[in-house]
Amino acid sequence: MAKEKKAIAPEAALWAACNKLRGSVSATDYVSVVLGLLFIRFATDKYEMQRDKLLANPDTADFVENPRFYTKDNVFYLGENERWGYIKDHSKSAEIFTLIDKAFKSMEINNPALRGALPIGFYPQLHIEPGKFSSLIDEIGKMQYSRKDEDDVIGRVYEYFLRHFCIAAKSEKGEFYTPANIVELMTLLIQPYSGTVYDPCCGSGGMFVQSAEFIKRHKGDKKNITIFGQESNPRTYQLARMNLAIRGLNCNLGDVDASTFTQDKHPDLRADFILANPPFNLKNWRTESELTNDPRWAGYPVPPVSNANYAWILHMISRLSYNGTAAFLLANGALGADGDEAIIRQKLIEDNRVEAIIVLPRDMFYATDISVTLWIVGKHKREKTVLRNGEEVKLRNREGQVLFIDARRLGDGGANDDGYVHLTDADKERIASTLFAWQSPEWETTYKDVPEFCKSVSIEGPGGLREKGFTLVPSKYIEFVDHDLEIDYETEMARIQGEMKALIEEERTTQQMLIDAFEGIGYGIK
């Protein structure tokens, strides 16, 4: 009987086809090659769906060639030569790379929102064998899915490809993607239901996508969030623009790619929520003479040139609204760094900016295996009202306190498809419920310190932050349990001795049985 073939997910099949490009382009260019084509395919599907809707209505049938009747619903208008069918029909043409470039140029003209978002000029520079490139286009064309599930498929494919591209580009320092599993925790903790969401180093736009997904899961409206961001890498900037555009998310990522530190595109922004994963321990982010009097670090020492960690923190705090909250990731070294960074950290704590410090498990990131820290910060920790699961919730005054959570023992240990550690839904809920209980006006009854997991620490008093030199390393505060002390040695020794006695008795019985057997057949054993 023939063995039944295991079904292959569309994303995996497409990834296998794309792997044919290996050796033809670098891992980082790989991203632009494939996602640029996926953008045309998905944009065409959305265009055709909108076109069918217009044709079905007698009042709008005459406007199927009017771009405004597409863009008003966040759908891109595409001319005939910009659509997937045209690209697919010409996939074997020697001019295919030029045709794709022309398609992107026309898209920008017809859709002003796409200006600066598309990889214009990229495809004509490629040196890919026509057969390989044609095969890739064929595989993308084979993707089948229901129009009803279109948005889910787009998200699923983009998520799959971004994740795998990041893994493939690891050796080339690809830093454009934060695992969705981590971003889900971040959005769960700060719950960006409505208002302004900002990411000063937005990579491929994953923080914004997960914010929209959070709203969708909780029956909210993604139109209630306004997106601002910035990205310094030109390729990644375009990737983010395409990623958000194809999902129908309105965003302002600045007119061009640029450094947040030296070319801040949103100097007057005051965001309600900040979600960010800055480059870890970024060096030489400014020259010695640059930004020494920048208002973003007014009242603090100027962050050192050798490490941008605290420059990112001060920048984000300066961009928060009065009741705003930020959730961002940093390398663990920032928790106890010395020098000017230690002075900045002390003042941040004394100014009641730091809400919670959460250390995550190792091996969660594709570009590094280190354990990293999730910081929750805000402008103040006085009483305020926030939205939780769509309902208004009051937070108590948390001034003078910081919550520490050590989540390093959580996670699935890498027992999943990609082999990297993921926090389970129960893990994420445990972290969130701990933070929420600590913030609650009834916190003295709803929250409790848990050895090896969480502890609420005051600035003042014995064992407090001041006494510990304002370090934010959780292990300096969270109680460690010596599990060896839990052992009842008398009982344990009795158990071990009993097991040994039973083994010896069993061995003696076996030996006697062998002796009896040999004697029974006439062989005496002495």
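Just a few scattered comments:
- The residues of region 417-464 that are among the small types (Gly, Ala, Ser) and more than 27 Å from residue 366 (Cα to Cα), listed by number, are 433, 437, 440, 456, 458, 461, 463, 464.
- Selection count where residues are small (Gly, Ala, Ser) and in contact with a Ser or Thr (Cβ under 8 Å, 6 or more places away or on another chain), scope region 86-131: 2
- Scope region 103-137; condition touching a residue at least 60 places away in the same chain (Cβ under 8 Å), surrounded by fewer than 19 Cβ atoms within 10 Å (Cβ to Cβ) and not hydrophobic (A, V, I, L, M, F, W, C); matching residues: 116, 127, 129, 132, 135
- Here region 24-73 is the region considered, the condition is being assigned to a helix (DSSP H, G or I) and among the small types (Gly, Ala, Ser), and the residue that is surrounded by the most Cβ atoms within 10 Å (Cβ to Cβ) is 43.
- Within region 355-378, the residues that satisfy the criterion of being charged (D, E, K, R) and at pLDDT below 95 are 362, 363, 369.
- Pairs where the first residue, in region 46-58, is closer than 19 Å to residue 248 by Cα and the second is in a helix (DSSP H, G or I) and among the charged types (D, E, K, R), C-beta under 7 Å, 6+ apart: 49/147
- Residue in region 436-457 that is assigned to a helix (DSSP H, G or I), modelled with pLDDT under 65 and either loosely packed, with under 12 Cβ neighbours inside 10 Å or among the small types (Gly, Ala, Ser) (or both) present: no
- Of residues in region 371-382 being of a type outside the set (Lys, Arg) and touching a residue at least 40 places away in the same chain (Cβ under 8 Å), the one surrounded by the fewest Cβ atoms within 10 Å (Cβ to Cβ): 380
- Qualifying residue in region 222-233 (condition: modelled with pLDDT under 90 and either surrounded by fewer than 16 Cβ atoms within 10 Å (Cβ to Cβ) or within 27 Å of residue 350 (Cα to Cα) (or both)): yes
- If you go through region 322-351 and keep only what is surrounded by fewer than 18 Cβ atoms within 10 Å (Cβ to Cβ) and either in a loop (DSSP other than H, G, I, E, B) or touching an Asp or Glu at 6+ places or on another chain (Cβ under 8 Å) (or both), you end up with 323, 336, 338, 339, 351.
- Flag for residue 306 being in a loop (DSSP other than H, G, I, E, B) and small (Gly, Ala, Ser): yes
- Pair list, Cβ under 7 Å, 6 or more apart: region 290-306 residue under 17 Å from residue 348 (Cα atoms) and small (Gly, Ala, Ser), other residue assigned to a loop (DSSP other than H, G, I, E, B) and at pLDDT below 95: none
- The residues in region 451-480 that are out of contact with any strand residue (DSSP E or B) (no Cβ under 9 Å at 6 or more places or on another chain) and among the β-branched types (Val, Ile, Thr) can be counted, and the count is 1.
- Among the conditions (1) on the phi > 0 side of the Ramachandran plot; (2) at pLDDT below 95, the only one that residue 352 does not satisfy is (2).
- Residue within region 237-260 that is within 28 Å of residue 393 (Cβ to Cβ) and in contact with a His (Cβ under 9 Å, 6 or more places away or on another chain) present: no
- Number of residues in region 256-281 that are within 12 Å of residue 200 (Cβ to Cβ) and surrounded by 14 or more Cβ atoms within 10 Å (Cβ to Cβ): the value is 15.
The values are calculated or read from the model by the stated rules, or taken from the named source; none is laboratory data. Because the structure is predicted, anything quoted here is derived from the model rather than measured. As a convention, Cβ positions derive from the backbone with ideal geometry for all residues, glycine included, and neighbour counts pool all protein chains shown.
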